């Protein structure tokens, strides 16, 4: 670690470059006054290609350093004051300073009431290193949740347990505006269900990130970007929607932004109230020595209401054209009120009915979080050297209240004894502290760039759960189900990343080092004292490399390689046993190991549009969700994560856009992949894999200048996840939109899963247990939404804003 930090310091502070000519000047207006914060561009005289860019100082001055010999011109512009250019001048390549005549910006002769940009991004963009889904432009996304939209993204699948996979691989890192979401699994899915699609700008799918990113997420990164107005003056957007499936769903949001010369103030409020249902039927069989010994079948109906209140407020202060300081505060209050009716029929080895059970459950999940981020960006010189820093403090509070009423019945549904009443409450707190610094060093003499950074994060988690038996008026604490779990984690990281471009070849090399120190402790009674606590301390390197080659004007080829890690979420490590229903328990595994993956990808792009990707990855200690009998003398099934030996993944992805005139744009994404799981858990040996085909088609039809329609279709063949096999599934969504009031307002109507085919059927097969299930959700919903933009539309330069608490927040709860 010490040597790495010395190397990092050497690169950051002692990188030598050839110093060449400098160019200085000043921007003034018609009254000979200095024009600060004007856009100033240094262009090559021959073809007007960009060499450097800068903003003028308060005094109107600007400076370009390290300029090679050649002929140039400088162009300055400012909103409302037009554009002006210097005369063409020559740089001889000696260590000289060229001082230009002042550049005069004249007031535009005609004051335009508004500048309207008609260009619109396509719904799906395939870039060389990522796939982008422009949600803001989607008609069928309006009024849906972020999870609904994510399911329609190319190569993304959300399974029946709400686990998110990308191109058949789980272990995805989900980020919002560059900050990782503080949840995983069901918790993450519930959070995305409370986030309205009306507040989304785009979704980025990054399959092979560089070393600049945290090493977490061995299947790739999903970065969800929220809407934010970039215009000068005071601007805002109001959105609201109402949807009707079996139940109603509604949300509303207000986003405001005020941009002045040195200050940018922004904020937003969001509210969602969505009622849903989920129906889950399954048959469980228990096996001993290859023979079925009995089991039971269940019909579950879950009705739940999701409410989410969230807010965001931030300020950017432009201390100078080179220095920007900012603070961002966010908070949310999130709750799920769930009721569950469970009907069970138990049978013997010959499937003869033995008895029945009826369970009613009322569950309230409450999640509150607050965060504050302090950030700084400072440009050291006109060469592009810059430093960014982030400090984050994040807290999460969670509370669960569960009440179960379990009735035993005869086969003919006659009551047997008194109902069993169970109650549990969970109080949890999580705190994340994070600090990071990034440095960018251009190397113009080499036409290259160096990036380096360090990061440190501290996590503290305290969860206390108590279970009570309240049968017949009692209130007895159940020690075998109650627990308190304390967890501490410290991750320190450093990275170096460099890239170089030649005429036809581009190269990127990176190395990231991460040291993890973790400690967990159970305060409840344990059977084995060795299970009370654990300590971990490990250091690992994560290299990454990318080589790109322009074969011709229409053909590009890229090869990338990386090593990544997927650490267990804090919830997956927590050993608590939570009741899902009377006979199903979920529990964490404090001894779960992180997954480690090597990924290799070859990308070919034709005509900047058609992209083909060939992928391979090898993952060791792969985490899989396992269902098994809790003990031999009862019928309770426990759901947890375990480590399997390995997963070998092979994938081929093709992106095929086409258009017909100006009225149809279609983006089609097809993926064929094969994941082979190998290993042994208990008495079950797994050596399984299945080829899977996934197809996604997004089509936009321009009916007129103000009318558009959209059709999205998805299809996936059978798929294997560890011990689970899922049957094929397909769905289709349609929508239409009308723009109003000079295109400031938009009215959209859409229907998701129009044929109600998005239903899941699957089988889990283990040596001592099998399960077959069917699941249905409130997926067919008709939604009408309204969006209105107000304020000016003169676009100002945007600023990157992310926090440093990235990987930690993705694993919270």
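Candidates are the residues of segment 566-588 that are in a helix (DSSP H, G or I) and in contact with a strand residue (DSSP E or B) (Cβ under 8 Å, 6 or more places away or on another chain); the one that is modelled with the lowest pLDDT is 570.
Among the residues of segment 635-675, just one is modelled with pLDDT of 85 or more and part of a loop (DSSP other than H, G, I, E, B), namely 663.
If you check 705, 698 for being assigned to a loop (DSSP other than H, G, I, E, B) and over 24 Å from residue 620 (Cα atoms), only one passes: 705. Screening residue 606 with (1) under 30 Å from residue 582 (Cβ atoms); (2) surrounded by fewer than 15 Cβ atoms within 10 Å (Cβ to Cβ); (3) touching a residue at least 24 places away in the same chain (Cβ under 8 Å) gives one miss only, at (1).
Quick one: is residue 687 part of a strand (DSSP E or B), closer than 19 Å to residue 647 by Cβ, out of contact with any helix residue (DSSP H, G or I) (no Cβ under 6 Å at 6 or more places or on another chain) and free of Cβ contacts under 8 Å to residues at least 24 places away in the same chain?
Numbers: part of a strand (DSSP E or B): yes; closer than 19 Å to residue 647 by Cβ: yes; out of contact with any helix residue (DSSP H, G or I) (no Cβ under 6 Å at 6 or more places or on another chain): yes; free of Cβ contacts under 8 Å to residues at least 24 places away in the same chain: yes.
In short, yes.
Among the strands (runs of 3 or more DSSP E) confined to segment 1-80, there are none with at least 1 residues that are more than 30 Å from residue 456 (Cβ to Cβ), out of contact with any strand residue (DSSP E or B) (no Cβ under 6 Å at 6 or more places or on another chain) and at pLDDT below 65.
Exactly one residue out of 480, 476, 447, 462 is in the same structural domain as residue 211 (by TED's automatic domain parsing), exposed (fewer than 15 other Cβ atoms within 10 Å of the Cβ) and at pLDDT 90 or above, and it is 476.
Considering segment 232-250, the residues that are crowded, with 20+ Cβ neighbours inside 10 Å and within 25 Å of residue 264 (Cα to Cα) include one that is modelled with the lowest pLDDT, namely 232. With respect to residue 382, is the statement that it is surrounded by fewer than 16 Cβ atoms within 10 Å (Cβ to Cβ) and either part of a loop (DSSP other than H, G, I, E, B) or free of Cβ contacts under 8 Å to residues at least 40 places away in the same chain (or both) true? Criteria not met by residue 382.
Identify, from the list 173, 166, the residue that is assigned by TED's automatic domain parsing to the domain that holds residue 719, surrounded by 21 or more Cβ atoms within 10 Å (Cβ to Cβ), in contact with a helix residue (DSSP H, G or I) (Cβ under 7 Å, 6 or more places away or on another chain) and modelled with pLDDT under 80.
Working: 166 fails: in contact with a helix residue (DSSP H, G or I) (Cβ under 7 Å, 6 or more places away or on another chain).
Unique residue meeting the criteria: 173.
Mind checking which residues of segment 407-432 are touching a helix residue (DSSP H, G or I) at 6+ places or on another chain (Cβ under 9 Å) and touching a residue at least 60 places away in the same chain (Cβ under 8 Å)?
Residues of segment 407-432 that are touching a helix residue (DSSP H, G or I) at 6+ places or on another chain (Cβ under 9 Å), as a first pass: 418-422, 430, 432.
Those that are touching a helix residue (DSSP H, G or I) at 6+ places or on another chain (Cβ under 9 Å) and touching a residue at least 60 places away in the same chain (Cβ under 8 Å): 422, 430, 432.
Scan segment 363-374 and tell me whether some residue there is assigned by TED's automatic domain parsing to the domain that holds residue 336, closer than 30 Å to residue 326 by Cβ and touching a helix residue (DSSP H, G or I) at 6+ places or on another chain (Cβ under 9 Å). Reasoning before the result, please.
Going residue by residue through segment 363-374, those that are assigned by TED's automatic domain parsing to the domain that holds residue 336 are 363-374.
Keeping just the survivors that are closer than 30 Å to residue 326 by Cβ gives 367-374.
Retained after the next criterion (residues that are touching a helix residue (DSSP H, G or I) at 6+ places or on another chain (Cβ under 9 Å)): 367, 371.
Within segment 363-374 (the criterion being assigned by TED's automatic domain parsing to the domain that holds residue 336, closer than 30 Å to residue 326 by Cβ and touching a helix residue (DSSP H, G or I) at 6+ places or on another chain (Cβ under 9 Å)), the answer is yes, since at least one residue qualifies.
Quickly run through segment 314-328 and pick out the residues that are assigned to a strand (DSSP E or B) and surrounded by 16 or more Cβ atoms within 10 Å (Cβ to Cβ). Break it down into steps so the answer makes sense when it comes.
Pass one, segment 314-328, residues assigned to a strand (DSSP E or B): 314-320, 323-328.
Hits for segment 314-328 are 314, 316, 318, 324, 326, 328.
Being in the same structural domain as residue 743 (by TED's automatic domain parsing) and buried (at least 17 other Cβ atoms within 10 Å of the Cβ) is true for just one of 668, 687. Which residue is that? Write out each step before concluding.
Numbers: 687 fails: buried (at least 17 other Cβ atoms within 10 Å of the Cβ).
Result of the check over 668, 687: 668.
Residue 641 fulfils the conditions (1) over 30 Å from residue 406 (Cα atoms); (2) touching a helix residue (DSSP H, G or I) at 6+ places or on another chain (Cβ under 7 Å) except for a single criterion, (1).
Please go through segment 420-442 and pick out each residue that is more than 30 Å from the chain's Cα centre (by Cα) and either outside the structural domain of residue 514 (by TED's automatic domain parsing) or buried (at least 17 other Cβ atoms within 10 Å of the Cβ) (or both). Result: 420, 421, 422, 424.
Within segment 405-444, restricting attention to residues that are part of a loop (DSSP other than H, G, I, E, B) and in contact with a strand residue (DSSP E or B) (Cβ under 8 Å, 6 or more places away or on another chain), the residue that is farthest from residue 473 (Cα to Cα) is 444. When the residues of segment 264-291 are filtered to those that are over 23 Å from residue 344 (Cβ atoms) and surrounded by fewer than 17 Cβ atoms within 10 Å (Cβ to Cβ), which remaining residue is nearest to the chain's Cα centre (by Cα)? The extreme case among them is 269. Mind checking whether some residue in segment 465-478 is closer than 19 Å to residue 575 by Cβ and in a loop (DSSP other than H, G, I, E, B)? Yes, because at least one residue in segment 465-478 is closer than 19 Å to residue 575 by Cβ and in a loop (DSSP other than H, G, I, E, B).
The values are calculated or read from the model by the stated rules, or taken from the named source; none is laboratory data. Keep in mind it's a predicted model, so treat the numbers as computed, not measured. When we count neighbours, we look across all protein chains shown, and the Cβ atoms used for this are built from the backbone with ideal geometry, even at glycine.
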